[in-house]
Amino acid sequence: MDDRGRVATDVVRRLRAAGYETYLAGGCVRDRLLGRDPGDFDVATAAPPEVVRKLFRRTVAVGAKFGVILVLDGDAQFEVATFRSDDAYVDGRRPSAVHFATAEKDAQRRDFTINALFQDPISGEVIDFVGGQADLRGGIIRAIGDAGARIAEDRLRMLRAVRFAARFGFRIEPATHAAIVAAAPSVTDMAAERIGDEIVKMLTEGAARTSFELLAATALLDVVLPEVAAMRGVEQSPDYHPEGDVWTHTLLLLEQLPSGVSESLALGCLLHDVAKPRCQGRREDGRITFYGHPDVGAEMAAAIVQRLKRSRETWERVAYLVRSHLRLVQAPEMRLSTLKRMLAEDGFDELLELARIDALASNKDLQFVDFCERRRRELAAAVRPPRLLGGDDLIAMGFAPGPRLGEVLRALETAQLEGEVTTRDDAQAWVRERFGA
């Protein structure tokens with residue numbers, strides 16, 4: 001058991017010493033039974049919130065009216081929740097009221113059987129009121145009780161079912177699957193941030209392809225990401241894309257994403273060809289074309305990532321990746337200064353990885369990726385050379401302040417990247433010769 005697990009056990013011990021039934025609860029129990037390291041340790045207890053706050057020195061009442069208190073220990077935090085049952089959910093997310101209850105009632109109000117287990121961390125005993133252990137052994141995602149009712153309480157449970165099934169390699173139990181399909185059109189009846197968080201988790205937990213296949217199979221993809229759903233059946237030229245249509249190609253990219261990949265690279269892989277359905281054409285000779293899809297796709301990708309309420313930094317990076325994902329093909333023909341600028345761009349590491357994944361998911365031609373990697377090693381010291389002159393230097397040389405300074409500095413940077421000037425004196429002479437003063 002790691003340090004967090006030991007501290008969580010101490011939290012359980014202290015609550016029990018005060019006379020309250022207390023267990024580890026939910027995802028941490030599931031993960032421990034699956035032999036995985038829990039991301040968080042949650043505690044469920046019969047102690048009311050005010051008692052929890054008195055027993056621990058550092059606490060935060062994040063949801064006291066729902067019986068939830070954060071207990072802080074150093075940099076670690078543990079959610080301690082009082083056993084409860086819920087009244088009707090009126091906003092598709094939270095119950096209208098809660099009633100403190102028994103451990104069994106608390107288990108029955110949770111989402112899936114595998115997430116409703118309790119464990120005594122001292123003895124190791126598992127307390128299972130809903131058949132969660134059997135579903136863990138059988139690899140099943142099953143809603144507790146009536147699946148439609150559980151989903152109506154919180155629409156996010158549809159996306160969570162998909163994510164858990166993909167992450168663990170489980171199957172969604174038929175009644176739960178049917179309830180998700182039936183309720184799929186209502187999945188957007190909740191905050192876009194919550195949808196965005198789940199989509200990013202699907203993309204970055206190491207099971208992105210399976211997640212998106214399940215999103216398609218449950219009818220959620222058409223509602224959450226209709227632009228991605230539109231890729232299905234969009235033909236591509238077999239010489240460049242022997243793997244099949246745009247959807248198949250995109251799934252092959254997603255299959256290569258490891259756990260822990262950055263969300264910008266993951267979203268870039270998902271959306272790099274998002275404009276192909278819109279830009280598809282066919283020449284007289286029968287060849288399929290997608291003219292302009294990187295630029296159109298960058299605009300679409302930025303709008304999608306903004307719709308998912310991701311950060312400005314993320315949507316700008318994703319737009320850059322989508323707009324630039326074919327640029328490496330031009331690298332061998334670029335002027336040296338243009339190539340150096342591309343190699344020095346913020347985000348080029350992710351662009352290079354996207355190009356690699358893209359090639360491996362199609363014709364497997366890595367020559368342009370290899371070229372850029374080789375040239376970057378060869379030009380490492382020259383890709384971002386120190387600036388030889390600045391605006392103040394040009395003014396001191398007699399140039400008037402204004403837009404022309406930027407034009408001169410840009411031209412000088414190009415000359416420096418081309419190797420025409422290497423010293424400050426060279427730069428001053430080069431500027432005087434070409435621009436006067």
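Candidates in segment 342-351 are the residues that are surrounded by 17 or more Cβ atoms within 10 Å (Cβ to Cβ) and of a type outside the set (Phe, Trp, Tyr); of these, the one that is nearest to residue 379 (Cα to Cα) is 343.
Considering the conditions (1) surrounded by 16 or more Cβ atoms within 10 Å (Cβ to Cβ); (2) under 24 Å from residue 277 (Cα atoms); (3) of a type in the set (Val, Ile, Thr), residue 369 is excluded by exactly one of them, (2). Note on segment 255-288: residues that are touching a residue at least 12 places away in the same chain (Cβ under 8 Å), out of contact with any Phe, Trp or Tyr (no Cβ under 6 Å at 6 or more places or on another chain) and outside any loop (DSSP other than H, G, I, E, B) amount to 13.
Residues in segment 131-164 that are among the aliphatic types (A, V, I, L, M) and out of contact with any strand residue (DSSP E or B) (no Cβ under 9 Å at 6 or more places or on another chain): 136, 147, 156, 158, 159. Please count how many residues of segment 25-72 are without any contact (Cβ under 8 Å) to a residue 12 or more places away in the chain and assigned to a loop (DSSP other than H, G, I, E, B). The total comes to 3. Residue count for segment 110-144 satisfying the condition of being in a loop (DSSP other than H, G, I, E, B) and within 31 Å of the chain's Cα centre (by Cα): 7. For segment 218-249, a residue qualifies if it is more than 17 Å from residue 269 (Cα to Cα) and free of Cβ contacts under 8 Å to residues at least 40 places away in the same chain, and the qualifying residues are 219, 222, 223, 233, 238.
Yes or no, residue by residue, for (1) of a type in the set (D, E, K, R); (2) more than 27 Å from residue 133 (Cα to Cα); (3) modelled with pLDDT under 95; (4) outside the structural domain of residue 115 (by TED's automatic domain parsing):
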residue: 21; (1), (2), (3), (4): yes, no, no, no
residue: 26; (1), (2), (3), (4): no, no, yes, no
residue: 30; (1), (2), (3), (4): yes, no, no, no
residue: 41; (1), (2), (3), (4): no, no, yes, no
residue: 61; (1), (2), (3), (4): no, yes, yes, no
residue: 67; (1), (2), (3), (4): no, no, yes, no
residue: 76; (1), (2), (3), (4): no, yes, yes, no
residue: 83; (1), (2), (3), (4): no, no, yes, no
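The C-beta contact set for segment 164-184 (first residue surrounded by 21 or more Cβ atoms within 10 Å (Cβ to Cβ), second residue among the polar types (S, T, N, Q) and part of a helix (DSSP H, G or I), distance under 6 angstrom, 6+ apart or interchain) comprises 166/210; 166/211.
Within segment 335-358, residues that are farther than 15 Å from residue 370 by Cβ sit with their Cβ atoms under 6 Å from residues that are part of a helix (DSSP H, G or I) and among the hydroxyl-bearing types (Ser, Thr, Tyr), at 6+ positions apart or across chains, in these pairs: 337/414; 347/320.
The values are calculated or read from the model by the stated rules, or taken from the named source; none is laboratory data. It should be emphasised that the depicted structure is a prediction, and the values quoted were computed from it without experimental measurement. All Cβ positions, even for glycine, are placed from backbone atoms using ideal geometry, and neighbour counts span all protein chains on display.
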